[in-house]
Each structure stands twice: as structure tokens, then as C-alpha cells.
Amino acid sequence: MAAPVRLYSLPPASGGGPVVSFHKGLEALSRAHSVECIGSQDFVTSAQEFAAYATDADRRVLRVLAVADGEGRTVGDLWRSMPARVGPRAPVDEGDPAWDPALVAPVVAVADQGAGPGADAVVGSLSVVAPLGENTDCATVSVQLSAPWRHQGLDALLLRLGEAVTRSWGRTTAQYWTDCPGWVEVGSPLGVKGVSKPVPGVSGAHASPLGTPETDMLARAGYVPAHSEWVTTLDVDRTPSREADPVPGYEVVSWSSPRSPEHLLDQLAEIYALASTDMPSGGLTEEAQLWDAGRVMRKEALAERSHQEWVVTAVRPVGGELVGWTTLVLSPTVAEIAFQEGTLIRGDHRRRGLARWIKRVNLAQLRARHPQVRRIHTWTDGDNAPVIALNRGIGFRHSLMEVGWQKDLHAHQRSGEGPDE
């Protein structure tokens, strides 16, 4: 591609000014991806969310934007400026948003560029996110490009930069998620090799996600599919409002944003910690998360900065402590959308109908508090038959599949790939 492009790194926290414009550029990329993938804007991440996530105290976040500004280098120039092999200690100094010029001279910090180009000049982005309390060997890399800039080498360049950042933070495993809006029979040459998922509601049927240029790029780069989930969707208007049958000996408690009741924070922390290992993750590297009341409050403050609203219903033995919960989070960008964030019943209280009860109660709470919501999306491992059956009983239907990829960076000290000619 002959068009010029410059790479900008965003500071680790929003400082206003030009950063706000760049966050709007990230939102535009997210909107285009959502429309292309599912035919709607349901999966848009807002500029406010991007800005808020940069201030998440429990994760380290770095974003690099590809900007077509008429004065930057071509993709080929950017590749030629890269070292032949990225070392394990490059490229970012701790706490410094600027890049080490010894690694990639053309990458500059937004803070050093005055007003900078506008949001409409953003043609691509790289995101690297690393948890700080657990999974300290891993980071999640994500690349998005506007359609005219794909498959010209810029996507592969940003992926390689993401791996370089991952190594520089002392992480040895890179993870990456792809959205696959279609699926085919297992074994089809059009499918992603190594992925087979039961089709929700279809006995004996298995499917593989439909391969895309993005999944092909990841496979060539040494990533392997380690986990996949069905995204299922509930049409609220077509779902009859039903009373949930209480379970004898238990009681439910519901509340909504912006804060959870203070006396429940420690109990919620235990639920979040259990959920981090209880929910299936396939072959992805996952460790138990460390939760306390402070982390619950930080999570809710982050949601508030993101302009997110949410509704929670929890369950407990009468007079006892919480043994399960379910959460619905509203999209801050698309008013008619909500996401099922998580549902969990502690193991020693399962098989009593508690999950069905709290889901129906929470759906009723959502209808009462936010009647504008028309669709709810949720993510479930296709091998999790009880939850799939429960969701289908409520009215959820499968809409697309997501695949989690993983790469051992120690085993792939690659060099030299350039843009496609």
C-alpha cells in the first residue's frame, strides 16, 4: 500500500484534548467492525469506554493508532524501520507512553503532537491489555483496521508490535479474540481448523466458525485456537414476561448501578473470584482472579466512567450469604442493547433451579428499569450444555461464534515478515 500512515501511542490515561478525538476514532473503527460482523451497531465500544478502560487500575493498557495523515511513512517503510528480530526486553519503558525509538522510530506519543489529526484520520488500532493481579504471563492483543487498509501488511505489523509490547512487559503468552459471524460443518475447508462446537438446540450437530482473513493471519503467525464460545441473542419483544418460580429456602435481592450495597461487597468479591475459574475457558491460560471489596468498587467506578448502567440479582439462603448472582449491563452507545455479563451459582447450591430463577427476576428488573432494551447478547461455551439449555428455555438463539487464540511467544521468536506485495 502506497498511502502514508503514522503510528501514535495513546498515553496510559485520558488527558483530554487530542486524546478525546482519537478515542472517537477508536469508536468509529469499533462501529464499522460491528456493522460488518453482525449487521448492526450492537457491539460498538464507545469513546467514553475506551477512555475509561485506559484508567483501569487492575489492568495495564496500551493503544497504538494508525493514522493516515499525508506525512507519515508507508506500510513498507514502517516494516523496514522495524528490527529484524524483536528482543524480549523491548520496546516500552515502564510508565512512559512514548515508544523506545530504538525499536520503532516512527511511533510517537499523542501528547507530543499538539492537536494531532482528527478522529476521521484513524484507520487502524492496536490494543494490548494485561491483567496486573493474575495471569501475569499473558496479555490480550487486538487489531482493528478500516476495510481499505486490511491485508496490505499493516494488520500484520500491528500484530507484531502487540507481541513486542507483550514481551516488553515480561509476558510470555499472547491471546487474541476473533468474531466469526458464520459457521460451517466440522472439517470443512472453510472452517477454522481445530474448533468444533455443539450447535445450541440442535442434537448431535457440531459446527466450526467460518474462517476469515483475520483468522488466516493468526494461524500464519503461530496462534492456535484455544477456546470458542457461541454468542446467543434474546429478542426481548418476542419473549413473554413470565413470573419466576421461587426456590424454597432461598431469597433474591436486586439492585442497579451505580453502586452495590456496601454490606454485600465482600460477598460479591467471593462470587467474582469463583466465577474467574468456574466458567469454561478451554485451553486458554487462566488463573484464579484475586478479588476483594476494593476491586468490586473499582469495577463499578470504571463502569460509571464508561457511562454504563447495570442491573444485578443475587440469591442466598434465607438470612444467609450470597451463593450466586447474575448481571445485565446496558450498552452506553446503543440504547436498545444489553449484555448478559455473567451468571454463577456456587457448586454446592446447584441443580435447584436457582440460575433460572435469578435470570428471570433480573430480566423483569431490566424490563421495569430500562424498557427501551430490545435485545440481549450473551456468551456461552457450547460445551456448557446446562447453561445453553437454560438460555434457550428463556429464548436465546445463537447468532455468531467467537474464537480465543493463543500463542507461546517463547516458542515463536519470529523475524522478518513484511507486508503482502
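The values are calculated or read from the model by the stated rules, or taken from the named source; none is laboratory data. Predicted model only: the values in this text are computed from it and were never measured. Cβ sites come from the backbone with ideal geometry, for glycine too, and all protein chains shown count toward neighbours.
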- Message: Against the definition (among the acidic types (Asp, Glu) and not in a helix (DSSP H, G or I)), how does Asp245 come out, yes or no?
- Response: yes
- Note on the structure: Exactly one of Val184, Val128 is in contact with a Leu (Cβ under 7 Å, 6 or more places away or on another chain), among the hydrophobic types (A, V, I, L, M, F, W, C) and free of Cβ contacts under 8 Å to residues at least 40 places away in the same chain, and that residue is Val184
- Note on the structure: A careful count of residues in the stretch 290-325 that are assigned to a loop (DSSP other than H, G, I, E, B) and either under 28 Å from His370 (Cβ atoms) or at pLDDT 95 or above (or both) gives 11
- From the list Thr178, Thr140, which residue is touching a residue at least 40 places away in the same chain (Cβ under 8 Å) and within 24 Å of Asn384 (Cβ to Cβ)? Thr178
- Message: Please determine whether any residue of the stretch 378-399 is among the charged types (D, E, K, R), under 30 Å from Lys24 (Cα atoms) and outside the structural domain of Val141 (by TED's automatic domain parsing).
- Response: no
- Query: Given the structure, is Ser146 in contact with a strand residue (DSSP E or B) (Cβ under 8 Å, 6 or more places away or on another chain) and surrounded by fewer than 20 Cβ atoms within 10 Å (Cβ to Cβ)?
  - Reply: yes
- Query: Within the stretch 295-315, is even one residue closer than 17 Å to Leu268 by Cβ, touching a Ser or Thr at 6+ places or on another chain (Cβ under 6 Å) and in contact (Cβ under 8 Å) with a residue 60 or more places away in the chain?
  - Reply: yes
- Which one of these does Ala219 not meet: (1) in a loop (DSSP other than H, G, I, E, B); (2) not assigned by TED's automatic domain parsing to the domain that holds Ala303? (1)
- Ala226 vs. criteria aliphatic (A, V, I, L, M) and either part of a strand (DSSP E or B) or in contact with a helix residue (DSSP H, G or I) (Cβ under 6 Å, 6 or more places away or on another chain) (or both): yes
